[in-house]
Number of protein chains: 2
Amino acid sequence: MDNIIAQWRAERPDLNLDGMATIGRVKRCAALLQPKLEKVFKEYDLNFWEFDVLATLRRSGGDCCLSPTELFSTMMITSGTMTHRMKQLESRELVERLPNPQDARSMLVKLTDEGFAKVDAAVTAHTINEQQILAKLPPEKLAALDEALVDLLAALEA
Amino acid sequence: MDNIIAQWRAERPDLNLDGMATIGRVKRCAALLQPKLEKVFKEYDLNFWEFDVLATLRRSGGDCCLSPTELFSTMMITSGTMTHRMKQLESRELVERLPNPQDARSMLVKLTDEGFAKVDAAVTAHTINEQQILAKLPPEKLAALDEALVDLLAALEA
DNA sequence: TTAATTTATCTTGATATCAAGATAAATATT
DNA sequence: AATATTTATCTTGATATCAAGATAAATTAA
């Protein structure tokens, strides 16, 4: 990132590059995190989106039933993508689709026992992995990081 | 994000969710930033990856020549993806491919005058946009954010 | 009640991406 | 020099995604 900024500074000294540096770091951190997280999901034969769907169902609690619309709305993906995901998770028998007695247009997506067990094991390993990744930072820096991210998130969501 | 953590805390009180909260915020910040940045690129008829390629060439300076291999290596994409990008940028006459006199296997990718002018205008607007996005945070919080991201990036790159 | 509108989901067609393999030129080895 | 290896790029086939439109059920309005 510093290298990119240095290149721009040389070519375009007229630009204010402070924002680019910070935003570039956010994006780069996210990009570097991705494969580190996927590594653990892979141990449970899941890719990122598969974990994401199963985890959304699992943490919703109750009998882990949500409609596809609830799922794709909270997950910020389109309905077509959700259809695609459902098909594959259903064929792997990690979720099942039940008719919604309240509304014949809609379905209820439910974790199978196998899906429940798998995501429960995966999320345990996932949280441990996340702790380990961040353990490279001392506690006070970690606290500062989290606080700063809360502020940024608030600014971006506003 | 807080909501997701609260759901997990209710369902799985045994998990340490601190890392999930911080990492989730990083990913969410990156996801929220994306469309805000794309909005400006769109004003110049560019999507994210088009800007990315043109900007990489532009900031490399000199005559803005790089080989496809130099491009895809620094941009963390595969060679096949780069081929695809080249085709489209070439058809839009934003870059041109010249034979490399030093090595007949490789090409030199160069910004056209049009490509140069376009990316120069786009990056000006882009940096202003980035400054505006972050201007919602007071300077001292911004400084703390950047410092924290430098620390995190160092930990992730190690 | 019938028609119009809204809502939930799925389908279609397009794009971006990657992994793996193909091709061809350059370099190293024998 | 002839062969083997490495390097640079492109091709192919598969997947994930979205936007826009299709379908069908539920709700509202006339």
Quiz item: Which of the residues spanning the stretch A:66-80 are surrounded by 13 or more Cβ atoms within 10 Å (Cβ to Cβ) and away from chain B (no Cβ under 14 Å)?
Solution: A:Ser67, A:Pro68, A:Thr69, A:Phe72
Practice problem: Return the pairs, sorted by first residue and then second, in which the second residue is away from DNA strand C (no atom under 11 Å from the Cβ) and of a type in the set (S, T, N, Q), the first residue lies in the stretch A:53-79 and is under 16 Å from A:Asp103 (Cβ atoms), the beta carbons are less than 8 Å apart, and the residues are 6+ apart or on different chains. | Solution: A:Leu66/A:Thr56; A:Leu66/A:Ser60; A:Leu71/A:Thr56
Quiz item: Residue check: is A:Leu33 touching a residue at least 60 places away in the same chain (Cβ under 8 Å) and touching a Cys at 6+ places or on another chain (Cβ under 7 Å)?
Solution: no
Practice problem: Sort out for me the helices (runs of 4 or more DSSP H) sitting completely within the stretch A:71-158 that have 1 or more residues that are away from DNA strand D (no atom under 16 Å from the Cβ) and at pLDDT 95 or above. | Solution: A:113-134, A:139-157
Quiz item: Quick one: is A:Glu43 exposed (fewer than 14 other Cβ atoms within 10 Å of the Cβ) and more than 14 Å from the chain's Cα centre (by Cα)?
Solution: yes
Exercise. Working only within the stretch B:113-156, note down all residues that are among the charged types (D, E, K, R) and facing chain A (nearest Cβ under 7 Å).
Key: B:Glu130, B:Lys136, B:Lys141, B:Asp146, B:Asp151
Quiz item: Does B:Leu46 count as within 12 Å of DNA strand C (Cβ to nearest atom), modelled with pLDDT of 95 or more, more than 12 Å from chain A (Cβ to nearest Cβ) and closer than 19 Å to B:Ala117 by Cα?
Solution: yes
Practice problem: State all residues of the stretch B:81-92 that are over 19 Å from B:Arg105 (Cα atoms) and either surrounded by fewer than 20 Cβ atoms within 10 Å (Cβ to Cβ) or within 13 Å of another protein chain (Cβ to nearest Cβ) (or both); if no residue qualifies, say none. | Solution: B:Gln88, B:Ser91, B:Arg92
Quiz item: Got at least one residue in the stretch B:53-66 being under 16 Å from the mean Cα position of the chain (by Cα), within 30 Å of A:Gln131 (Cα to Cα) and outside the structural domain of B:Leu37 (by TED's automatic domain parsing)?
Solution: no
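The values are calculated or read from the model by the stated rules, or taken from the named source; none is laboratory data. Just so it is clear, the structure is predicted and the values come from calculations on it, not from any experiment. Cβ sites come from the backbone with ideal geometry, for glycine too, and all protein chains shown count toward neighbours.
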